[in-house]
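So the structure is just underneath, and the comments pick up after that.
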Amino acid sequence: MARQPIIIDCDPGQDDALAILLALGSPDEIDVLAVTAVAGNVPLALTEINARKLVALAGRSDIPVYAGADRPLVQDLVTAEFVHGKTGLDGADLPNPSTPLAEGHAALAIIDMVRREPKGTVTLCPIGPLTNIALAMRLAPDIIPKIKAIVLMGGAISIGNITPAAEFNIYVDPHAADIVFRSGVPLVMHGLDVTHKALVTQERLEAIKAIGTEVGDAVYGLLTFYNIFDQAKGEGQGAPLHDPCAIAYVMFPDLFDGRDCHVTIDVSGGASMGRTLVDWRGRSEQPMNARVIDQIDADGFFSLLTDRLAALPHA
Ligand code: RIB
Ligand code: CA
């Protein structure tokens, strides 16, 4: 398969970190055009420097990192330090990046890259709130038919994780999600139903520690911290490793399975604000606008992840 050009839009976040490292550890399959940061797990001032720290950890400081939206389109920002720690990357003390931010807003950079590349070749991989993606679409609707696909982490068929109804990425900016899900771009949605089948068990954590490189040690620290929140809830098997599911899908979609559905975003402002209403049984007769993933070969996923982390530059 030809190398797939992608843009990773993220809010690092330990699981975002694994997504970035998986992509950068897979140069035969993926060409990361850029990493774009958005406010989400922690404020933008942290997600953008975290993104630069991570491309440096992977030995790829040549990859441009752009800062994007520092708040959602309409609502106030909600962050998740209770999961990710105050830095967003608690668990590893990564050196400050030597490279500056790339010039310009992330949304404008996304527009430029999609316009520059051949039509239908660029996949967007948003793994945080969808603010930058929605801004790009509103500023330059001409890019919408040029985007190959949007392979995202967000939403849920069933229950939420930030409210009973909503998953964090969608909840933080439901208006942006509404724009993206109505855009007509082919969507692949990795919601909580599949990501909670990709758990960072102790065995999987030990396999990462056994890599024995700077990257492996950093990831071991990040995921050890990341497990704390779920272990404290008594969900002892390990934390769900949300974001790398989107990257793994771009490379090896057969690791996953799901169903084409119509998905609506609740922007009504009530108790279900930010819920992804997934018409799993096709009752609405609305046109399908997303492939909703609910199955994963978790062992195959973690084996891929561990192999690609090991492929990254050794200290
Ligand atoms: O709900 C999980 C999602 O919210 C993940 O992308 C995590 O990094 C946070 O952004
Ligand atoms: Ca994220």
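The values are calculated or read from the model by the stated rules, or taken from the named source; none is laboratory data. Remember, it's a predicted structure, so these values are computed and weren't measured experimentally. Here Cβ is always computed from backbone atoms with ideal geometry, including for glycine, and neighbour counts include all displayed protein chains. Surface accessibility is based on the protein's heavy atoms, side chains included, excluding ligands, DNA and RNA. Shrake-Rupley method; radii C 1.70, N 1.55, O 1.52, S 1.80 Å.
Data for the structure
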read-out: Candidates I143, I110, I133, I170, filtered to the one that is free of Cβ contacts under 8 Å to residues at least 40 places away in the same chain, within 25 Å of A34 (Cβ to Cβ) and crowded, with 19+ Cβ neighbours inside 10 Å; value: I143
read-out: Segment 173-217, subset open to solvent by less than 10 Å² (accessible area, probe 1.4 Å) and of a type in the set (G, A, S), residue farthest from ligand 1 (Cβ to nearest atom); value: G216
read-out: Some residue of segment 268-281 being assigned to a strand (DSSP E or B), under 25 Å from I147 (Cβ atoms), in contact with a strand residue (DSSP E or B) (Cβ under 9 Å, 6 or more places away or on another chain) and among the β-branched types (V, I, T); value: yes
read-out: Residues of segment 296-311 satisfying the condition of being touching a strand residue (DSSP E or B) at 6+ places or on another chain (Cβ under 9 Å) and among the acidic types (D, E); value: D297
read-out: Top-ranked residue of segment 96-107 - restricted to ones that are open to solvent by 40 Å² or more (accessible area, probe 1.4 Å) and among the small types (G, A, S), ranked as modelled with the highest pLDDT; value: G104
read-out: Search result, residues across segment 1-57 that are charged (D, E, K, R) and near ligand 2 (Cβ under 10 Å from one of its atoms); value: D9, D11, D15, D16
read-out: Segment 224-240, subset within 20 Å of the chain's Cα centre (by Cα) and surrounded by fewer than 24 Cβ atoms within 10 Å (Cβ to Cβ), residue nearest to ligand 1 (Cβ to nearest atom); value: P240
read-out: Entirely in segment 1-84, the helices (runs of 4 or more DSSP H) that have 3 or more residues that are surrounded by 21 or more Cβ atoms within 10 Å (Cβ to Cβ) and among the aliphatic types (A, V, I, L, M); value: 14-24, 44-57
read-out: Which numbered condition V292 fails, given (1) of a type outside the set (G, A, S); (2) under 17 Å from the mean Cα position of the chain (by Cα); (3) open to solvent by 60 Å² or more (accessible area, probe 1.4 Å); value: (3)
read-out: Search result, residues across segment 216-258 that are aromatic (F, W, Y) and at pLDDT below 95; value: F229
read-out: So A246, is it within 16 Å of ligand 2 (Cβ to nearest atom), open to solvent by less than 10 Å² (accessible area, probe 1.4 Å) and within 16 Å of G25 (Cβ to Cβ); value: yes
